[in-house]
Amino acid sequence: MTDDEQRGKLGSTRDEAERKRALTFAQRMRAYLMTGILVVAPISITFYLAWIFIGFVDRQVTPLIPAAYNPETYLPFALPGLGLIVLIAGLILIGAATAGFFGRLWSRVSEQILARMPVIRNVHSAVKQILETVLAQQSNAFREAVLVEYPRRGIWAIAFITGRTEGEVQSITAEESINIFLPTTPNPTSGFLLFVPKKDLVPLSMGVEEAIKMVISGGIVTPPDRRPAAEKNVVMTSAVVYEDLEVLRELERTPVLAPKGTRPGERKEASLNKPDDIEE
């Protein structure tokens with residue numbers, strides 16, 4: 001190999017090394033940029049949404065405060081969050097007043113008046129029942145996330161238990177059913193109300209907040225599996241046991257129940273209670 005060829009080879013090697021260093025530098029800068037976005041974006045969005053909410057409440061409540069009792073009257077600047085503080089204090093005072101005799105009397109009289117109004121009574125009754133159910137301390141609504149097969153066997157969706165099925169819906173079904181709310185992605189405020197047999201629900205160990213994050217993110221945010229190692233190896237459900245039943249349902253055009261011991265809850269109990277195999 002001549003000297004010119006050796007110099008050319010060394011030059012190409014140096015150029016390649018420089019390109020690699022430049023590429024590595026660009027990759028590091030890109031990684032730093034993405035890390036900065038991941039750190040700053042959630043905090044910024046959270047503060048921005050909180051600021052919008054506080055500003056909305058202030059615009060609605062602050063004008064209702066008399067000027068003599070409004071601190072902003074005596075200050076050259078506005079107080080962010082003043083309306084929110086006044087609203088919370090007002091709700092606490094109303095709750096304390098309603099707990100007394102005269103407060104309960106006033107509440108009954110106002111409800112009787114609203115009950116006589118044709119359209120308003122329906123709205124008031126529905127809103128009151130929903131709030132009492134959701135805010136009640138003993139209520140189990142939206143406190144447990146479950147897995148349900150929807151919209152067909154073999155496809156799973158996250159849902160939230162809202163209560164036990166009662167009334168006519170439960171009386172005409174042979175099995176104990178549970179009310180579940182199946183939210184949509186990315187807007188979890190809309191969804192479907194389903195009445196599902198209790199045996200067909202697979203309880204999840206993840207919290208409600210984690211499940212909502214997973215729904216809103218479209219599966220991008222996945223919470224870790226915090227179950228014990230022994231439970232991680234137990235298969236709780238499978239769509240294979242339902243394949244023959246689906247054929248029967250299509251042929252008979254009638255509901256066909258799964259055999260006992262094949263539903264998710266029954267399979268879990270059987271797997272946990274199954275004795276160890278004895279080697280001969």
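Does region 135-155 include one or more residues that are surrounded by 13 or more Cβ atoms within 10 Å (Cβ to Cβ), out of contact with any Pro (no Cβ under 8 Å at 6 or more places or on another chain), free of Cβ contacts under 8 Å to residues at least 24 places away in the same chain and not in a loop (DSSP other than H, G, I, E, B)?
No, that holds for no residue.
Check region 204-224 and report whether any residue there is in contact with a Lys or Arg (Cβ under 6 Å, 6 or more places away or on another chain) and either not aliphatic (A, V, I, L, M) or not assigned by TED's automatic domain parsing to the domain that holds ARG164 (or both).
Among the residues of region 204-224, at least one is in contact with a Lys or Arg (Cβ under 6 Å, 6 or more places away or on another chain) and either not aliphatic (A, V, I, L, M) or not assigned by TED's automatic domain parsing to the domain that holds ARG164 (or both), which makes the answer yes.
What's the number of the only condition in (1) over 24 Å from VAL221 (Cα atoms); (2) out of contact with any helix residue (DSSP H, G or I) (no Cβ under 9 Å at 6 or more places or on another chain) that TYR150 fails to meet?
So TYR150 meets the others, but not (1).
Considering only region 79-111, state which residues are of a type in the set (A, V, I, L, M, F, W, C) and in contact (Cβ under 8 Å) with a residue 12 or more places away in the chain. Step through it out loud before you land on a result.
Taking region 79-111 as the starting set, the residues that turn out to be of a type in the set (A, V, I, L, M, F, W, C) are 79, 82, 84-89, 91-94, 96-97, 99, 101-102, 105-106, 109.
Correct list: LEU82, LEU84, VAL86, LEU87.
Report, by residue number, each residue of region 95-114 that is loosely packed, with under 12 Cβ neighbours inside 10 Å, at pLDDT 80 or above and within 35 Å of the chain's Cα centre (by Cα).
GLY95, ALA96
Of the residues ARG28, ARG19, ARG14, which is out of contact with any Ser or Thr (no Cβ under 9 Å at 6 or more places or on another chain), assigned to a helix (DSSP H, G or I) and modelled with pLDDT of 80 or more?
Only one candidate qualifies: ARG28.
Answer yes or no: is there a residue in region 115-125 that is assigned to a helix (DSSP H, G or I), of a type in the set (Val, Ile, Thr) and farther than 28 Å from GLU210 by Cα.
yes
Please go through region 188-224 and give me each residue that is loosely packed, with under 11 Cβ neighbours inside 10 Å, in contact with a strand residue (DSSP E or B) (Cβ under 9 Å, 6 or more places away or on another chain) and either among the hydrophobic types (A, V, I, L, M, F, W, C) or at pLDDT 90 or above (or both), ordered by number.
Taking region 188-224 and keeping what is loosely packed, with under 11 Cβ neighbours inside 10 Å, we get 189-190, 193, 209, 218-220, 224.
From the residues that got through so far, the ones that are in contact with a strand residue (DSSP E or B) (Cβ under 9 Å, 6 or more places away or on another chain) too are 189-190, 193.
If the condition is that a residue be loosely packed, with under 11 Cβ neighbours inside 10 Å, in contact with a strand residue (DSSP E or B) (Cβ under 9 Å, 6 or more places away or on another chain) and either among the hydrophobic types (A, V, I, L, M, F, W, C) or at pLDDT 90 or above (or both), then LEU193 is the only one that fits.
Quick one: in region 167-187, of everything that is of a type in the set (Asp, Glu) and under 17 Å from LYS199 (Cα atoms), which residue is surrounded by the fewest Cβ atoms within 10 Å (Cβ to Cβ)?
Out of the qualifying residues, it is GLU176.
The values are calculated or read from the model by the stated rules, or taken from the named source; none is laboratory data. This one's a predicted model, so the numbers in the text were calculated from it and none came from an experiment. Cβ: placed from backbone, ideal geometry, glycine included. Neighbour counts: every protein chain shown.
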